[in-house]
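Trainee: Pasting a structure below so you can have a look.
The values are calculated or read from the model by the stated rules, or taken from the named source; none is laboratory data. Bear in mind the structure is a predicted one, so any value in this text is a computation, not a measurement. Virtual Cβ from ideal backbone geometry, glycine too; neighbours counted across all protein chains shown. The area values use the complete protein model at the heavy-atom level, side chains included, leaving out ligands, DNA and RNA. Shrake-Rupley method; radii C 1.70, N 1.55, O 1.52, S 1.80 Å.
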Amino acid sequence: MSPVEFNDPQLFINRELSWLAFNERVLDDARFRELPLYERLKFFSIASSNLDEFFMVRVAGLKQQLASGVAEPAADGLLPAEQLSAISERVHALVDSASRLWAEELHPGLLAAGVSLVTRDKLTAEQKVAARTYFATSVFQTLTPLAVDPGHPFPHLRNKSLNVAVLLRREGPKRRRNMQGTSLAVVQVPSVLRQLVPMPGEKGLAFLLLGEVIALCAAELFPGYVVEHAAAFRVTRNWDLNVDEEESEDLLSTLQEELRRRDRGAAVRLELDASASPQMESLLTAALKLGPMDVYRQQFPLQPSDLMALTELDARPELRVESFTPTVPPVLRDVESILDVIAGRDILLHHPYESFDPVVRFLEEAAEDPDVLAIKQTLYRTSGDSPIARALSRAVENGKQVAVLVEIKARLDEANNIAWARKMEESGVHVVYGLIGLKTHAKVALVVRREGNGIRRYVHLGTGNYNPHTARLYTDLSLFTSREEIADDVSALFNMLTGYAVAPQWKRLAVAPMGLQEKVLALIQREAEKARRGEPARIVAKMNSLVDSTVIRALYAASQAGVEIELLVRGICCLRPGVPGVSERIRVTSVVDRFLEHSRVFAFGAGSNPEVWMSSADWMPRNFLRRIEAMFPVEDPVIRQRLLDEVLGVALRDNVKARRLQVDGTYVPVGRDGTAVRSQGVLMELARRNNQPDTKPLHALRHATAPDAPVPPRQVPQTGS
C-alpha cells in the first residue's frame, strides 16, 4: 500500500508560532508558585533571552525573505509577511502577559522578600543623593553622549545593547531643532558596570537599575540643555552569518571577518520602556527603519537577565531551588580504568542526574594511557574553559595522533569555537572544520588503543554537547561502547569528515545526510505495516523539535494504520494531533522543568522488546539534510529497558510539569489524576537512591510506560523547574 499524502496546510502548525508556544510554556514556569522566587525569576529571564535569539535568527530570516521577494509558503501555508504579522501579534500578547506577571506576582514577591527594585520616579531624597553620587563617581566618565542631528547620524548600536534615549530642549533663544523643538540623543549603558546599583533602604535590599541612574542624571551629560524626557530602549539585530563556503579559500578567516561585521546587521526589533513617549518611539523607529509592529513596550526591566545578579547578592536558601549534585554510577565509581570497564560492557549515563565527569575522564585517561594510539572527536559546542579541549592538547604532548572536528559554524558559538580551534592547532592537534555546506552536529569520540597483539576501539556517542557546564543543566544521554560494528561505523565517519571518503554502507549507525531520514521513515513505516496486519504497533519518540513535513506525513499514515504514537517534544512541534481520521492515535507531550529536556530517544515496536535508538538529531529538515548527525541503536538489553522505563516511561507519566498539545495548537496541563508525578523530581530521587549503598540501581524501575505502573514515592520537594 502506497503512503497516504497529507498536503492540507491545516494539518501543520506553523514552525514559528509553535516555537512561541514553547516560550510561553517557559514563561509558565515563572508563574509556577510552587517554585522559589529566584527560580521563577530565572525562567522569566530565560523566556526573554529565548526571544532575543528568536528575533536575531528566525524573524531576521523572514524579513530577509520578504526583502528578497521570496513568496514560498511554509508547510502550513503562511507566507513570510503573514508569518511576521502573526509573530508580532503573538509576541505582543506574550510581552503583555509577562508585564502582568511582573506587576502582579514577581515584583510584589521581591518586595515581600525584602528586595526592592526602585524606579527613578519613586526614589526617596536619600536614594536620589546616593544615585547621583554613584553616577558622578563611577559612571559619568565611562559614558559617551551621542547627539542625533544632520551632523551626527544615528549611532549604530550593538545588538542587544541597552541604551537610554534622551529628548532635549536647548536653553536660551538658540535651539537645535529636529522635531517640535526637541533634539534626540542616545547614551549607551555600559555593560562592563554592574546593572543593579545598591540603594539605601529602610529595610532589606534596594536596587536601582543602571539605566535608570543614567536617565536620572542625563542632564549632567548635556550642559546647556533641559532634559524633557528619558527612557531606556534596546535594539535586536539580524545576527545570522552570510558565508559562501564554496567560494572561501580559508573558511576560518572568512568566518572571523564575518563575525566582525555581525553587529552591522539590520535592526529587527525595538524594545522600549513603557514610559517612553510617542514622540520618542517615532524618532527611534524612523532611525532604525522599523515599523509599529516591530516595537515592544515593556513594563518590566528590558534585560531581565540583570535580575539574576540578585541570586549572587542574596544567599537565602528559601529563595532558590535545592541544589542537586549529579551522581557517578556504581559501575564507574572507584575504578582504575574507565576503558577497562567499557571493554566489558556498554555503559549509559543519564545527565544531569548522572555526572558528566566520566566523559571528561574517558578522554583524560585516553590522553595519558601509553597504549592509546589515537583520539578522534567532534566538538559542536563546548565550555569556555574546556577540560576536554585541554585533554586533547595533552594527548598530543604525549605523542598520540589527535584529530578534532571543530564546528566553527555553530550558531552563536562561532567565536568561542574559533578560539578553541586556534588553541588546539597551536598545541599540535589536527583540527578540521567539516564538510562544505554541512554542519557537523554529531557527538562522537573515538579512542584507538593497542591491546595485546591487536587494536581495540572505544566509542562515546551522545545526544548533547561536550560541554561540562550545560551537562548540569540539560538532560542528555551518553553511551560508551566498544562494539566492533559501531566502532567500524565511527571510524568510517571520521575518515569521511577529515579526508576524502565516500560514505560507506553503514553497519549499525544511521548518518545524516546519508540516509538518516530514510531510516526514520523506514522504522515508522515498519510499524504501520504491522498495524495493517493487525499486529500491535507503537512508536515512542522523545526529541527537542518535530518539524520535518515528510516525517510528519509518515506519522499521520502510521496513525491512520492503527499505530499508537506517543511523542515527547519539548519545543517546536508542527504535527497537529487529534485530527479526526488523521492523527487520532497521536499524543504530543511537552515537559518544561528545571533541566532543559534535550535528549533524543526513539522506540519502535510494541511489547517487551522494542527497537530503541538514540540520536544527536531532532526530526527537522536541517538535521536530516544540512547536518552531519548520527543515530545509533541501543543493543544492550539492560540499557534498552532503562531507556524505556526511566527516560521515556517516567516522562510519559508526568502530570505536574507536562503539557499536552491540542488540535488547535494550544497546550494544556496534562492534569493530576491520582499521585502527582513530576518526572524530573522522580529521576533526581532515583539518582540520589542510586548514590547510596545497597539500593536498587536506576534501571530497577520497570514498566513505567504502563498506565497503572507504580512510580517511586514523590519525595523531592517542589523546588525546581
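Trainee: Roughly what % of DSSP beta bridges within the chain run antiparallel, to the nearest 5? Please report the intermediate quantities before stating the final value.
Mentor: On the way: 73 of 107 bridges.
Here the antiparallel bridges make up roughly 70 percent for the chain.
Trainee: Please give me the summed charge of the neighbours of Val335: other residues whose Cβ is under 11 Å from its Cβ, Lys and Arg +1, Asp and Glu -1. Mind showing how you got there, number by number?
Mentor: Values: positive: Arg333, Arg361; negative: Asp334, Glu336, Asp340, Glu365.
That sum, taken over residues with Cβ under 11 Å, equals -2.
Trainee: What net charge do the residues around Ala215 carry, taking every other residue with its C-beta under 11 Å from that of Ala215, with Lys and Arg at +1 and Asp and Glu at -1?
Mentor: Working: positive: Arg120; negative: Asp121, Glu212, Asp273.
Once all neighbours under 11 Å are counted, the net charge is -2.
Trainee: Between Val129 and Glu312, what is the spin-label point distance in nm, taking each point 7 Å from the Cα along the Cα→C-beta axis?
Mentor: Going from the Val129 label point to the Glu312 one covers 3.0 nm.
Trainee: From the square roots a ≥ b ≥ c of the eigenvalues of the alpha-carbon gyration tensor of segment 1-153, which class results: rounded (a/c under 1.5), prolate (a/b over b/c), or oblate?
Mentor: oblate
Trainee: Sticking with this one: For Lys63, which lysines qualify as cross-link partners when the Cα separation must be under 21 Å and same-chain residues fewer than eight apart are set aside?
Mentor: Cross-link targets: Lys160, Lys289.
Trainee: Once a ≥ b ≥ c are taken as the square roots of the eigenvalues of the Cα gyration tensor of segment 72-214, is the result rounded (a/c under 1.5), prolate (a/b larger than b/c) or oblate (a/b not larger than b/c)?
Mentor: oblate
Trainee: Using a ≥ b ≥ c from the Cα gyration tensor of segment 349-438 (square roots of the eigenvalues), is it rounded, prolate or oblate, where a/c under 1.5 gives rounded and otherwise the larger of a/b and b/c decides, a/b for prolate?
Mentor: In terms of gyration-tensor shape, oblate.
Trainee: Moving on to the next point. Starting from the 7 Å offset along Cα-to-Cβ, what nm value, one decimal, do you get for the label separation of Ala103 and Gln525?
Mentor: The answer from the label model is 5.6 nm.
Trainee: As I understand it, the dipole of segment 312-406 uses +1 on the Cβ of Lys and Arg and -1 on the Cβ of Asp and Glu, about the Cα centre. Which of Val328, Ser355, Ala389 lies farthest toward its positive end?
Mentor: Looking along the dipole axis, the top candidate is Ala389.
Trainee: Further question on the same structure: Could you pull out the trypsin sites (Lys or Arg not before Pro) across segment 293-348 that fall in loop regions by DSSP (anything but H, G, I, E, B) with no more than 13 other Cβ atoms inside 10 Å?
Mentor: Qualifying residues, ordered by number: Arg333, Arg345.
Trainee: Please list, or write none, the lysines whose alpha carbon is within less than 22 Å of the alpha carbon of Lys519, excluding same-chain residues fewer than 8 places away.
Mentor: Within the straight-line cut-off, Lys519 pairs with Lys439, Lys443, Lys507, Lys530, Lys542.
Trainee: So what is the diffusion coefficient of segment 37-120 in µm² per second by Stokes-Einstein at 25 °C and 0.890 mPa s, using a Kirkwood Rh over Cα pairs?
Mentor: 161 µm²/s
Trainee: Tell me, in nm to one decimal, what length is gained between Arg472 and Glu171 on full extension, where the rule is 0.36 nm per residue of separation less the Cα-Cα distance? Let's see the in-between values first.
Mentor: Details: separation 301, 0.36 × 301 = 108.36 nm, distance 5.74 nm.
Gain on extension, Arg472 to Glu171, equals 102.6 nm.
Trainee: Separate question: How big is the Kirkwood radius of segment 598-640, worked out from every pair of different alpha carbons and given in Å to one decimal?
Mentor: That comes to 11.5 Å for segment 598-640.
Trainee: So what is Rg over Rh here for the chain, counting just Cα atoms and using Kirkwood for Rh? Intermediate results must be reported in sequence, preceding the final value.
Mentor: Values: Rg = 27.5 Å, Rh = 27.9 Å.
My calculation of the ratio gives 0.99.
Trainee: Still on this structure, I have one more. Summing +1 for each Lys or Arg and -1 for each Asp or Glu, what net charge is found among the other residues whose Cβ lies under 9 Å from the Cβ of Gly605?
Mentor: Residues close to Gly605 contribute a combined charge of +1.
Trainee: Based on the Kirkwood radius over alpha-carbon pairs, what value in µm²/s does the Stokes-Einstein equation return for the translational diffusion coefficient of segment 627-670 at 4 °C and 1.567 mPa s?
Mentor: Approximately 100 µm²/s, per Stokes-Einstein.
Trainee: Restricting things to Cα coordinates, could you compute the convex hull volume per residue of segment 282-348 in Å³?
Mentor: In segment 282-348, the Cα hull volume divided by residue count equals 274 Å³.
Trainee: Taking all protein chains in place and a 1.4 Å probe, what share, in percent, of the accessible surface of the chain do carbon and sulfur account for?
Mentor: Details: 14900 of 30020 Å².
C and S atoms contribute 50 percent here.
Trainee: Tell me the per residue accessible area of the chain using a 1.4 Å probe; a whole number in Å² is fine.
Mentor: Here the per-residue accessible area is 42 Å².
Trainee: Using a simple spin-label model with points 7 Å from Cα along the Cα→Cβ vector, what separation in nm is obtained for Arg626 and Asn453?
Mentor: The answer from the label model is 5.2 nm.
Trainee: Right, something else. Compute the length gained on full extension between Ala136 and Glu484: take 0.36 nm times their separation in residues and subtract their Cα-Cα distance, giving the result in nm to one decimal. Could the numbers behind the result be given before it?
Mentor: Numbers: separation 348, 0.36 × 348 = 125.28 nm, distance 6.88 nm.
Fully extending the segment from Ala136 to Glu484 adds 118.4 nm.
Trainee: Here's something else I'd like to know. Longest segment of the chain with no GluC sites (Glu not before Pro) in a DSSP loop having at most 10 other Cβ atoms within 10 Å?
Mentor: 337-721
Trainee: Pulled fully out, how much extra length does the chain show between Val341 and Val663, if you take 0.36 nm times their separation in residues and subtract their Cα-Cα distance?
Mentor: Here the segment from Val341 to Val663 would lengthen by 111.1 nm.
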